[in-house]
Number of protein chains: 2
Amino acid sequence: MPVALLVQKFGGTSVGDVDRIRGVADHVARTVHRGNKVVVVVSAMGKTTDDLIRLAHEATDGPAPAREMDMLLTAGERISAALVAMALSDLGVEAESFTGSQAGIITDTDHTRAKILEIRPHRLLEAIESHIVPVVAGFQGVSTERDVTTLGRGGSDTTAVALAARLDADVCEIYTDVSGVFTADPRVVPRARKIPRISFEEMLELAASGGRVLALRSVEAARNFRVPLHVRSSFTWEPGTWVVEEEPSMEQAVVSAIAHDASEVKVTVVGVPDHPGVAARLFRHVAEQGVNVDMIVQNVSLQGHTDISFTAPKADRARALEATRAAAAEVGAVDVILDEGIGRVSLVGAGMKTHPGVTARMFETLAEKGINIEMISTSAIRISCVVRAEVLEDAVQALHEAFELDREVHQ
Amino acid sequence: MPVALLVQKFGGTSVGDVDRIRGVADHVARTVHRGNKVVVVVSAMGKTTDDLIRLAHEATDGPAPAREMDMLLTAGERISAALVAMALSDLGVEAESFTGSQAGIITDTDHTRAKILEIRPHRLLEAIESHIVPVVAGFQGVSTERDVTTLGRGGSDTTAVALAARLDADVCEIYTDVSGVFTADPRVVPRARKIPRISFEEMLELAASGGRVLALRSVEAARNFRVPLHVRSSFTWEPGTWVVEEEPSMEQAVVSAIAHDASEVKVTVVGVPDHPGVAARLFRHVAEQGVNVDMIVQNVSLQGHTDISFTAPKADRARALEATRAAAAEVGAVDVILDEGIGRVSLVGAGMKTHPGVTARMFETLAEKGINIEMISTSAIRISCVVRAEVLEDAVQALHEAFELDREVHQ
């Protein structure tokens, strides 16, 4: 058997306390003893990052400088990396911890949300060569100005995927507190099934539709670099979900999973004069406010006027409303309405491309349950409907059953 | 007034919580607003280091690798440095935190007790030039192998003194939880006085004789590099004790201070054949065990045999005993006795050199109190006596009174 190179990333709950850290070391040691080479990437222990952020808030009245926040927060991953390396040595597996800087992770200077520009992994390669397991502090790098930087949300996943790509690893294993990607949120649908295998495209749509297992950014990175991901649980250690390139051979489930998201609001601009360039001006205003617009729907025109609705994260609602009101006044719209009571349910499946009628079946299913559809958006492999928040979970359950997602998967 | 460059070092209690950190920032800001340039050096917050050490013990059964301990522990100073820099910015004082590596502190590869080989302060100088206050994480450096190292006990003091020397600072201020150097431990002698001014040599003898205010190593560094030290309290902010070169002009107190130390044991080798080279062999054995021998006394010889006693730190007693027993057998000594019930009281004063009779007065004072002297050792500016541990504090109090150390100082 050829030696495989694995990147194993452990999230905050996986290294939440010393016992878990010993468990992680034990699992890494087993992987090594099976003849694999392993590079470990760790997040900060459990609530460490939150505690450090609280300290920063207490130490300052105004906002803390981004450079200093990065210096502060990166201490968390240093601690967990050192502890994991110690626990490995304790098991007789030679290991050394590396900061982002020591691991050669070079970023831009955009503190608290830096982008990786380049990876110079010679120290990691030296370690692997000498049969030393590198334990890399995730979420961090060093900027072209030689300052400590952090990669922002999902940062440790990004570190792991980027390292896996740069080191040409056979797989990037993402260990978390769930045992994989499910056909729906098991808290909402008890009969939801773990998906053994899913394509990057489907995983992207799921991540973008409210699936919380993987950060959108790291899935994109994995797809771009063709790094197979294996999402699994550090609590059960059982096989999880493989996120891989779609193989032509793969028989495609019509619908792979159902995602739902109750974290958005709907903004409607009423009575917009219906002539060219109006929508453009509206959304330029919104974009300038840095609001992430998701779905956009424009009603058919009546007497030269139309309504335009869009959804945006709850966190952005103030800025979205401000920008929209300004634009509405400018283009002479009648009114702007904010709706905080919405939820979104999405069907995701590569098979949709070749199976018409999925949309119809989705609408019928919701109609049978008396659930009204307020907005619709589709992609080649996704259909999303906005419904009232209070019926969101009913919609997820009804669709999970209608598309028989609790049945054994055909692959 | 010419601009002064100050290095201000704040110990663990001085940055023990967020309120203290804000207090430190306020003090640094005042110093800057008075027109000074400041370089700040910080220890880890309060008990952070102890907590991290505990985590390491819990994560491993065996001893943790030194390299990983250093990676782990240096996180503590990073956190406090970032928080102090934030608090300074919050007061409108531009500040940036620097790790030991970023501050250019290059050490050897002796993890957990590394020695500083060189300081390359160009980033600190750039910051000072741009009116940015550098906040340096103390106690740490980067090795010639590019690994993170720590400087061992008193490490942050060493960082501060070394930086002050390299940057040619006008003074190195050491902020701690006591308001200076006292004529005796105020817990033992309530009337003990703060010493406004003391010479490096006296401070060295005090540090070596059990004074806990400054680490011996950092006083040595300060003397070697002629860096004036100002030891003061971050609780009262009042002027403390200046540790400076002895000026010929300085009228010298006969006795400056009384130190005591109950942290040693006495080892006596009984019936040692009294011929050349025997003592040499004995102490070579002890030295090979890495035991720090302090006082050595050899009795007058009787019938060609003598007794040799020495003191060593309690922590080294097992190794000291083992080495001594081996040596004793080798040289044909009769017995080895360990005495754990001793204490040492020392008189320190530059004036002793020119004032005979100090020794006599010391012995008389102890005799009047019925305190038996078991060992004696002297230097040009120090006299130390070993007495029973239970009468150690009586001895300190009697001597403090006999030498009138509670009177106003003559300088």
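Some points to look at:
- The requirement of being open to solvent by 20 Å² or more (accessible area, probe 1.4 Å), in contact with a Pro (Cβ under 9 Å, 6 or more places away or on another chain) and at negative phi is fulfilled somewhere in region A:82-89, by at least one residue.
- Test: residue in region A:344-353 that is open to solvent by 20 Å² or more (accessible area, probe 1.4 Å), of a type outside the set (A, V, I, L, M) and within 22 Å of A:LEU405 (Cβ to Cβ): yes
- Looking across region A:223-246, just one residue is over 20 Å from A:ARG193 (Cα atoms), surrounded by 15 or more Cβ atoms within 10 Å (Cβ to Cβ) and of a type in the set (Lys, Arg), and that is A:ARG223.
- Within region B:143-177, the set of residues being under 14 Å from the mean Cα position of the chain (by Cα) and either among the small types (Gly, Ala, Ser) or open to solvent by 50 Å² or more (accessible area, probe 1.4 Å) (or both) comprises B:GLY152, B:ARG153, B:GLY154, B:GLY155, B:SER156, B:ALA160.
- Yes/no for B:ALA75 being within 8 Å of another protein chain (Cβ to nearest Cβ) and open to solvent by less than 30 Å² (accessible area, probe 1.4 Å): yes
- Segments classed as strands (runs of 3 or more DSSP E), wholly inside region A:250-333, with at least 2 members that are touching a strand residue (DSSP E or B) at 6+ places or on another chain (Cβ under 6 Å), of a type in the set (A, V, I, L, M, F, W, C) and crowded, with 17+ Cβ neighbours inside 10 Å: A:257-261, A:264-273, A:305-313
- Of B:ILE371, B:ILE383, B:ILE337, B:ILE376, all but one fail to be within 28 Å of B:PHE200 (Cβ to Cβ), in contact (Cβ under 8 Å) with a residue 12 or more places away in the chain and either open to solvent by 30 Å² or more (accessible area, probe 1.4 Å) or in a loop (DSSP other than H, G, I, E, B) (or both); the exception is B:ILE376.
- When A:ALA64, A:ALA82 are checked against the criterion of being within 27 Å of the chain's Cα centre (by Cα), within 9 Å of chain B (Cβ to nearest Cβ) and modelled with pLDDT under 95, A:ALA64 stands alone in meeting it.
- Looking only at residues of region A:119-132 that are open to solvent by 10 Å² or more (accessible area, probe 1.4 Å) and closer than 12 Å to A:VAL40 by Cα, we find that the one that is nearest to the chain's Cα centre (by Cα) is A:ILE128.
- Selection over region B:357-368 of residues that are open to solvent by less than 70 Å² (accessible area, probe 1.4 Å) and either of a type in the set (S, T, N, Q) or over 14 Å from B:LEU347 (Cα atoms) (or both) gives a count of 3.
- Residue list for region A:2-37, filter: surrounded by fewer than 24 Cβ atoms within 10 Å (Cβ to Cβ), more than 14 Å from every other protein chain (Cβ to nearest Cβ) and of a type in the set (A, V, I, L, M): A:VAL3, A:ALA4, A:LEU5, A:LEU6, A:VAL32
- Residue in region B:370-393 that is of a type in the set (S, T, N, Q), more than 22 Å from B:ARG197 (Cα to Cα) and more than 22 Å from the chain's Cα centre (by Cα) present: yes
- Residue count for region B:127-155, restricted to those that are within 27 Å of B:ASN36 (Cα to Cα), touching a strand residue (DSSP E or B) at 6+ places or on another chain (Cβ under 9 Å) and not small (Gly, Ala, Ser): 9.
- Selection of region A:90-111 for residues being of a type in the set (A, V, I, L, M, F, W, C), within 12 Å of chain B (Cβ to nearest Cβ) and open to solvent by 20 Å² or more (accessible area, probe 1.4 Å) yields only A:LEU91.
- The conditions of being within 12 Å of chain B (Cβ to nearest Cβ), within 22 Å of the chain's Cα centre (by Cα) and of a type in the set (Gly, Ala, Ser) are not met by A:ALA114.
- Flag if B:ARG20 is at pLDDT 95 or above, out of contact with any Pro (no Cβ under 9 Å at 6 or more places or on another chain), closer than 28 Å to A:THR48 by Cα and of a type in the set (Lys, Arg): yes
- Residues that are closer than 24 Å to B:VAL24 by Cα and without any contact (Cβ under 8 Å) to a residue 12 or more places away in the chain, drawn from region B:176-228: B:ARG212
- Selected residue (criterion: nearest to B:GLY16 (Cα to Cα)) from residues of region B:39-72 that are small (Gly, Ala, Ser) and open to solvent by 10 Å² or more (accessible area, probe 1.4 Å): B:GLY46
- Restricting A:SER218, A:SER156 to residues that are modelled with pLDDT under 90 and under 12 Å from A:VAL41 (Cβ atoms) narrows the list to A:SER218.
- Qualifying residue in region A:42-55 (condition: at negative phi, within 8 Å of chain B (Cβ to nearest Cβ) and either touching a residue at least 24 places away in the same chain (Cβ under 8 Å) or hydrophobic (A, V, I, L, M, F, W, C) (or both)): yes
- The one condition in (1) over 22 Å from B:ARG166 (Cβ atoms); (2) among the polar types (S, T, N, Q); (3) over 13 Å from the mean Cα position of the chain (by Cα) that B:SER209 fails to fulfil: (3)
The values are calculated or read from the model by the stated rules, or taken from the named source; none is laboratory data. What you are looking at is a predicted structure, and each value in this text was computed from that prediction instead of being measured. Quick reminder, even Gly has a Cβ in these numbers, built from the backbone with ideal geometry, and neighbours come from all protein chains shown. Note: accessible area is taken over every heavy atom of the protein model, side chains too, but ligands, DNA and RNA are not part of it. Shrake-Rupley method; radii C 1.70, N 1.55, O 1.52, S 1.80 Å.
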